[in-house]
Amino acid sequence: MDVFTVAAVITALSAVVVVFYFLFRQPTTSSWPKIKQSLAYTQNVIPKKRKFQRNLNSLDDFVPTGESTTVHDVARLFARRGKEFSVYSIDWEQEVVVLIRPVDGADLKAHPFFREAQRRKAAEVLCVPLEKLQEVASAVADEVAHVQEVFIFMTGRCGSTLVTRFVEATSVAQAVSEPDVFSVIHMALHRLKRSSQHGQPPPRHGSSTVLSNEESTIALLRNVGTLLNYNLVTSDARHRDVIFYKLKPDVILLGDLMARAFPSAKTVFMYRDGLEVSESVARASFQQSYVIYVVTMCVTTLLRVSLAPDFLRCFGDDPKFSTVRHHGTGRFHMSTWWVGAMLCAAVLQKKQPGYFFHAVIYYSALVNDKKRTFSLLMKKLGLKWNPENPGEDTDKIEKALTEDSQAGTLLCAKARKPGEKWAPDVSSRWMWLWERDYFWEVCRHTGNEIPGPDFLLPGTIV
């Protein structure tokens, strides 16, 4: 291949990167009202066809069909039909919590990501005004007061989806992988704080009111958790009342408020070497094409743009990283995502050691011995689980141990079909020396907190 051909290929790929960037940033059209709703309502919907959901879940994921139905006594409706509806998102302009009812017979736990299953399988939405949320939560709170929440905070690409699949296979607990509503709340709060720091006026909708103080934010988190718990316990055939919630990486920045909203919850932190996380993300994002990866990194660095979604870019807003080279690029956000999450985890662990974390798991522990690591995790959480008990489905457990937990999704680096077996990646590394040096540089901006991508938190199961 001559130099002119190479130049042509790079130019073409650069154009593709630019097009993708502007497509990702393009605002979506909406068929939904953009004013505050004083009454709850239900609405039949059809999900929009998207291969992959890049943005946070919202009403704009659906096309409304037919006429909406006003609900005058939403607390009564939820007490009667609450097991049909799971919390999906929050519409800050309508000032409503959005819940979805899936099509009949749908299993929202079958997909590796709960948020994605909700979006694809939704048949009806229930929109509850924020000002009525406490009333609705109070109507069912007693029925889920016994529920034990377990929150999994993580960096991503660390085996957390595997753990949720394993938990769901047991008889002692159930698991939900990445319910989006907690990220929706965090990102709204993050944008409010960022606007305040930059001297900008707050948005003219519900987030500026509900999230204006910590107490109302905590109440919102608690009430959302109550409705999630109610749906999951009542719709589960075994009514398992220990619920693992695997949260998206950004929610760890909400850690202090989560601790106050759910004081009796157990917490887990899962992570992996930072360079391995970056490479795993790159391989999944670029479908194992090293050439596309290199070109994309070069072009986005040159143009000073990033394809990272907002819920990962938020880590880069920490003032500690304001002087890092290539600020705002894809490489910058890929590094600050991991470093920022680790920094927050380290701070939380020091501030509240009795709450953060009841168990800390390193990726290598899962890779080396999945069953032993999982048993140790359950023990640290005070949960009695024995795979040899008659009530356990050994076939389900074995399936969770051997299959690729993200198979069939675009986030899976290799297995493209559901049910494919997991295998370790033994191909050559992608990270160049300058990329490793850059990652170490980002780590140095935390002072002595996160000395490098191989940093281990105290008490880590390795």
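Numbers below:
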read-out	value
Subset of segment 409-435 that is small (Gly, Ala, Ser) and surrounded by fewer than 15 Cβ atoms within 10 Å (Cβ to Cβ) - its residue that is nearest to Phe114 (Cα to Cα)	Gly419
Search result, residues across segment 108-120 that are in contact with an Asp or Glu (Cβ under 9 Å, 6 or more places away or on another chain), closer than 20 Å to Asn229 by Cβ and either in a helix (DSSP H, G or I) or not charged (D, E, K, R) (or both)	Phe113, Phe114, Arg115, Ala117, Gln118
Qualifying residues in segment 61-89 (those that are surrounded by 20 or more Cβ atoms within 10 Å (Cβ to Cβ) and in contact with a strand residue (DSSP E or B) (Cβ under 7 Å, 6 or more places away or on another chain)) - the one farthest from Phe114 (Cα to Cα)	Val74
Only listed residue being at pLDDT 95 or above, among the acidic types (Asp, Glu), out of contact with any Ser or Thr (no Cβ under 8 Å at 6 or more places or on another chain) and outside the structural domain of Ser285 (by TED's automatic domain parsing), chosen from Asp91, Asp60, Asp104	Asp104
Answer residue from segment 436-462, given it is within 12 Å of Val324 (Cα to Cα) and in contact (Cβ under 8 Å) with a residue 60 or more places away in the chain and is surrounded by the fewest Cβ atoms within 10 Å (Cβ to Cβ) among those	Glu441
Single match in Ser86, Ser30 (criterion: in contact with a helix residue (DSSP H, G or I) (Cβ under 9 Å, 6 or more places away or on another chain) and outside the structural domain of Lys121 (by TED's automatic domain parsing))	Ser30
Complete set of residues in segment 29-79 that are in a helix (DSSP H, G or I) and β-branched (Val, Ile, Thr)	Val74
Enumeration of residues in segment 277-300 that are under 15 Å from Gln406 (Cα atoms) and outside any helix (DSSP H, G or I)	Gln287
Cβ pairs under 8 Å, 6+ apart, first in segment 321-342 and without any contact (Cβ under 8 Å) to a residue 40 or more places away in the chain, second β-branched (Val, Ile, Thr)	Gly328/Val305; Thr329/Thr300; Thr329/Thr301; Thr329/Val305; Gly330/Thr296; Gly330/Thr300; Gly330/Thr301; Gly330/Val305
The listed residue being of a type in the set (Gly, Ala, Ser) and at pLDDT 95 or above, out of Ser171, Ser212	Ser171
Residue, modelled with the lowest pLDDT, within segment 387-408, restricted to residues that are part of a helix (DSSP H, G or I) and out of contact with any Ser or Thr (no Cβ under 8 Å at 6 or more places or on another chain)	Leu401
Single condition Lys132 does not satisfy, out of (1) surrounded by 21 or more Cβ atoms within 10 Å (Cβ to Cβ); (2) at pLDDT 95 or above; (3) assigned to a helix (DSSP H, G or I); (4) not aliphatic (A, V, I, L, M)	(1)
Residue selected from segment 157-172 under the condition among the charged types (D, E, K, R) and within 17 Å of the chain's Cα centre (by Cα), by the criterion nearest to Met334 (Cα to Cα)	Arg157
Matching option when the condition is out of contact with any Pro (no Cβ under 9 Å at 6 or more places or on another chain), in contact (Cβ under 8 Å) with a residue 24 or more places away in the chain and of a type in the set (Gly, Ala, Ser), among Ser280, Ser289, Ser285	Ser280
Qualifying residue in segment 221-240 (condition: hydrophobic (A, V, I, L, M, F, W, C), more than 22 Å from the chain's Cα centre (by Cα) and at pLDDT below 95)	yes
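The values are calculated or read from the model by the stated rules, or taken from the named source; none is laboratory data. Values in this document were obtained by computation on a predicted structure and should not be read as measured data. Reconstructed Cβ throughout: ideal geometry from the backbone, glycine too, with neighbour counts over all protein chains shown.
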